[in-house]
Amino acid sequence: MENLVAALQWRGLVHDIMPGTEEQLLKEMTTTYIGFDPTSDSLHIGSLVPIILLVHLEKFGHKPIALVGGATGMIGDPSGKSDERNLLDEATLNHNVAGIKRVLSRFLDFNSTAKNAPILVNNYDWMKTFTFIDFAREVGKRITVNYMMAKDSVKKRLEGEGEGMSFTEFTYQLIQGYDFYHLHKHYNCVLQMGGSDQWGNITTGTELVRRMNTNTNEVAKAYAMTCPLITKADGSKFGKSESGNIWLDADKTSVYQFYQFWLNTTDVDAEKYIKIFTFLEEDTINTLIETHKTEPHLRLLQRKLADEVTVFVHSEAELEKAIKASAILFGNATSEDLKALDTATFLAVFDGVPQAEMPRSVIENGIDIVAVLNEKTGFLKSNGEARRALSENSIAVNKEKVTETFVLTAKDLINNEFVLLQRGKKNYFVIRIV
């Protein structure tokens, strides 16, 4: 087997690793799992790292298991949290589980017939019939309270200023640990991976695997490896924009906004992210980094990063749309380019641009551009200012320069709904026809 651990270390994707893990991965095809708790019906780019880890596992010949936490999601992981999570109702949880399965299926082929084909499981399937008494006897008996309280995720909550930790959240590490035992027993899974905040939960799982497998002469094999939690160079939280999380679903974060997030990363972050979030070879990445350093103004590193991640998460076709959408704001786009945008992309591109509504009846017979610029929208302060701007040839409608004789009609609408006004290069205004 090729050395997966060395490859992940070069990419900055190894934080903690249990002794023997690298040797196990070098020795044979190793079944490995990563869990995803259904706190939402989609995943954001913070979850892209564990997804990429699963893809790397498969590429290196190992067998990945993606676990959706239908059971653990009912409790909520206390790791990294200062307060108790709100419990989700069953309908919301089922909806979220279905959404996460759908997202994961875009990156891993769970219908593959390959020997190391990925597997998708839901821990609710084996926890739903587990009675509390059986769990307390079979699982709770194996791990001491002292051991559980020594975990950072527990200590931080107990030593904090909040209300402490409920018994519900205290049991989380045991349930996650039992997942590892179940997958070990039924799928011969011997490695669990996750974010560095999961180290305590994961190592509890390795202990449970060993302590619950006492019927053989050999100690059961169970290993752990975590990746660092991704941060920005300035210390701010990774994965968020001004409008919130960057999601992997286009209906939550448009492909244009997704593309722009990666395009706008700093040089320092881009150099780190291109190793973590792409599958480019080491030589290719090193060459890109060196080239970028000689011509940083061209932002070659950011462009390649944005291209690669957008194709991986969405598609080549969606990347092309995002590039064209970017050209509308920052390049020499035409009226036809503008009219080719769908409504969602149009609104994403011009998010934050001032808007005004205008009744559809106003444009049915046409309306002169001076009235549009001033009294109907307030884009310009007076008819006089509108006429001066038009005489200076600084007004464009849908990216095409117009004169004072221009009349706006229904044929000028983008998606039968919008008109884009522009004064100069950067002063935009959107009219929405209602």
- Of the numbered conditions (1) surrounded by 15 or more Cβ atoms within 10 Å (Cβ to Cβ); (2) in contact with a helix residue (DSSP H, G or I) (Cβ under 8 Å, 6 or more places away or on another chain); (3) at negative phi, ASN398 satisfies every one except a single condition; which is it? (3)
- Mind checking which residues of the range 328-350 are within 28 Å of the chain's Cα centre (by Cα) and aliphatic (A, V, I, L, M)? ILE328, LEU329, LEU338, ALA340, LEU341, ALA344, LEU347, ALA348, VAL349
- Message: Being under 27 Å from ILE285 (Cβ atoms) and of a type in the set (A, V, I, L, M, F, W, C) narrows it down to one residue among PHE36, PHE60; which is it?
- Response: PHE60
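Among the candidates THR377, THR403, single out the residue that is surrounded by 17 or more Cβ atoms within 10 Å (Cβ to Cβ) and among the β-branched types (Val, Ile, Thr).
Of the residues listed, the single one that is surrounded by 17 or more Cβ atoms within 10 Å (Cβ to Cβ) and among the β-branched types (Val, Ile, Thr) is THR377.
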- Task: Spot the failing condition for ALA136; the list is (1) touching a Leu at 6+ places or on another chain (Cβ under 7 Å); (2) of a type outside the set (Phe, Trp, Tyr); (3) free of Cβ contacts under 8 Å to residues at least 12 places away in the same chain, and only one is missed.
- Result: (1)
- Filter result (open to solvent by 20 Å² or more (accessible area, probe 1.4 Å), in a helix (DSSP H, G or I) and farther than 30 Å from LEU43 by Cβ) within the range 314-362: GLU336, ASP337, LYS339, ARG360, SER361, VAL362
- Task: Sort out which residues of the range 186-228 are touching a residue at least 40 places away in the same chain (Cβ under 8 Å), assigned to a loop (DSSP other than H, G, I, E, B) and over 11 Å from MET18 (Cβ atoms), and write them in order of number.
- Result: ASN188, PRO228
- Residue among HIS182, HIS186 that is open to solvent by less than 60 Å² (accessible area, probe 1.4 Å) and more than 30 Å from VAL309 (Cα to Cα): HIS182
- Kindly check whether there is at least one residue in the range 214-231 that is under 13 Å from the mean Cα position of the chain (by Cα) and open to solvent by less than 70 Å² (accessible area, probe 1.4 Å). yes
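Would you tally the residues in the range 406-425 being surrounded by fewer than 17 Cβ atoms within 10 Å (Cβ to Cβ) and among the charged types (D, E, K, R)?
Residues meeting the conditions: 3.
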- Task: For the range 1-113, please list each of the helices (runs of 4 or more DSSP H) lying entirely inside it that holds at least 3 residues being open to solvent by 60 Å² or more (accessible area, probe 1.4 Å).
- Result: 21-27, 90-104
- Task: Might you let me know whether the range 257-268 holds any residue that is among the hydroxyl-bearing types (Ser, Thr, Tyr) and within 13 Å of the chain's Cα centre (by Cα)?
- Result: yes
- Being hydroxyl-bearing (Ser, Thr, Tyr) and outside any helix (DSSP H, G or I) is the filter; apply it to the range 134-182 and report the residue that is modelled with the lowest pLDDT. SER166
- When the residues of the range 363-374 are filtered to those that are closer than 20 Å to ASN415 by Cβ and in a helix (DSSP H, G or I), which remaining residue is most open to solvent (accessible area, probe 1.4 Å)? GLU364
- Task: Filter the range 386-395 for residues that are open to solvent by 40 Å² or more (accessible area, probe 1.4 Å) and part of a helix (DSSP H, G or I) and give the result.
- Result: ARG387, ARG388, SER391
- Determine which member of the set ASN393, ASN398 is modelled with pLDDT of 85 or more and either touching a Leu at 6+ places or on another chain (Cβ under 7 Å) or under 22 Å from LYS252 (Cα atoms) (or both). ASN398
- What is the number of the single condition among (1) loosely packed, with under 14 Cβ neighbours inside 10 Å; (2) under 28 Å from the mean Cα position of the chain (by Cα) that ASN116 does not meet? (1)
- Residue check for LEU301: at pLDDT 95 or above and either surrounded by fewer than 18 Cβ atoms within 10 Å (Cβ to Cβ) or under 22 Å from the mean Cα position of the chain (by Cα) (or both): yes
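To keep it simple, each residue is scored yes or no on (1) aromatic (Phe, Trp, Tyr); (2) surrounded by 20 or more Cβ atoms within 10 Å (Cβ to Cβ); (3) closer than 24 Å to LYS101 by Cβ; (4) out of contact with any helix residue (DSSP H, G or I) (no Cβ under 7 Å at 6 or more places or on another chain).
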residue: MET193; (1), (2), (3), (4): no, yes, yes, no
residue: GLN198; (1), (2), (3), (4): no, yes, yes, yes
residue: VAL209; (1), (2), (3), (4): no, yes, no, no
residue: GLY244; (1), (2), (3), (4): no, no, yes, yes
residue: LYS252; (1), (2), (3), (4): no, no, yes, yes
residue: TYR259; (1), (2), (3), (4): yes, yes, no, no
residue: TYR273; (1), (2), (3), (4): yes, yes, no, no
- Note on the structure: If we ask which residues in the range 275-288 are more than 12 Å from the chain's Cα centre (by Cα), open to solvent by less than 10 Å² (accessible area, probe 1.4 Å) and not polar (S, T, N, Q), their number turns out to be 2
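The values are calculated or read from the model by the stated rules, or taken from the named source; none is laboratory data. Note that the structure is a prediction, hence the values are computed from the model and not measured. Don't worry about glycine lacking a Cβ; one is built from the backbone with ideal geometry, like all the others, and counts go over all protein chains shown. In case anyone asks, the SASA skips ligands and DNA or RNA and just uses the protein heavy atoms, side chains included. Shrake-Rupley method; radii C 1.70, N 1.55, O 1.52, S 1.80 Å.
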